[in-house]
Amino acid sequence: MRKVVVTDYQEHWPKLFQDEAEKIKKILKDEVLEIHHFGSTSVPGLKAKPIIDILPVVQNIEVVDSFNEQMKSLGYEPMGEFGMPGRRYFRKGNNTRTHHVHMFDQHNTYEINRHLAVRDYLRANPEEALAYGLLKEQLSSLYPDNIEAYMDGKDRFVKNLERKSLAWSAER
């Protein structure tokens, strides 16, 4: 069973992202166009589950499946679309997750923009990041052994945050 752990922001998270992004680039080579750090660990000051979220943008999502064995060599478990059509999802760390990789095709601009808009909005709005961090901390205290209840508790806040982030991003 995975514990729900939310910690204060850690200064080394961007370095963990960079190190892993370099390893992924070596595997994907020319297939990868860019790699983004997103999610809570990408927002300075935001409390987070200590899992680095990585978003590689690739030329052709169908080609990604041919890299599964190489991703396994880095410790990743290939999960396919994992509930999101057009994505390739990989997780690392078994019960103590360390990284999640969400790959999207370059033409899947909605999903790419959605993820990056939330990151950028939280970076630009520290009061929203603080509120989100406090909610996550409270939920992790209430549901330390129940990731589903933790996620359900965040759902309304996250949907509202996403809506605001996309509107904010569109205005820029």
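For the reader, a short list of remarks on this structure follows.
- Share of carbon and sulfur in the accessible heavy-atom surface of the stretch 104-150 [1.4 Å probe, %]: 53
- For the chain, calculated [θ]222 nm from helices alone, where every DSSP H run of n ≥ 4 adds -39500 (n - 2.57): -15500 deg cm²/dmol
- Contact order, relative form, for the stretch 30-89: 26 percent (alpha carbon pairs under 8 Å, 6 or more residues apart, mean separation divided by residue count).
- Residues in the chain average 54 Å² of solvent-accessible surface per residue, probe 1.4 Å, ligands and nucleic acids excluded.
- The chain, relative contact order in percent, only Cα pairs under 8 angstrom and at least six apart counted: 24
- Antiparallel DSSP beta bridges within the chain, as percent of all bridges there, nearest 5: 75
- Cα-based equivalent ellipsoid of the chain: semi-axis lengths in Å, sorted from largest, via gyration tensor: 26, 20, 15
- A straight line joining the Cα centroids of the stretch 88-144 and the stretch 27-76 runs 13 Å.
- Residue-count net charge about Lys92 - beta-carbon cut-off 13 Å; Lys, Arg +1, Asp, Glu -1: 0
- Cα-centred dipole magnitude for the stretch 15-172, charges only on beta-carbon of K, R (+1) and D, E (-1), debye, nearest 20: 340
- Evaluating 6.51 cos²θ - 1.76 cosθ + 1.60 at θ = phi - 60° for every residue in the stretch 155-167, the Karplus couplings come out as 3, 5, 4, 5, 4, 5, 4, 5, 4, 5, 5, 5, 5 Hz, glycine and proline recorded as x.
- Along the axis of the charge dipole computed for the stretch 92-172 (Cβ charges of +1 for Lys and Arg, -1 for Asp and Glu, origin at the Cα centre), the listed residues Leu142, Thr98, Ala170 are led at the positive end by Ala170.
The values are calculated or read from the model by the stated rules, or taken from the named source; none is laboratory data. The structure presented is a predicted model; accordingly, all values stated were derived computationally and were not measured. Positions of Cβ are generated from backbone atoms using ideal geometry, with glycine treated the same way; all protein chains shown enter the neighbour counts. Surface accessibility is based on the protein's heavy atoms, side chains included, excluding ligands, DNA and RNA. Shrake-Rupley method; radii C 1.70, N 1.55, O 1.52, S 1.80 Å.
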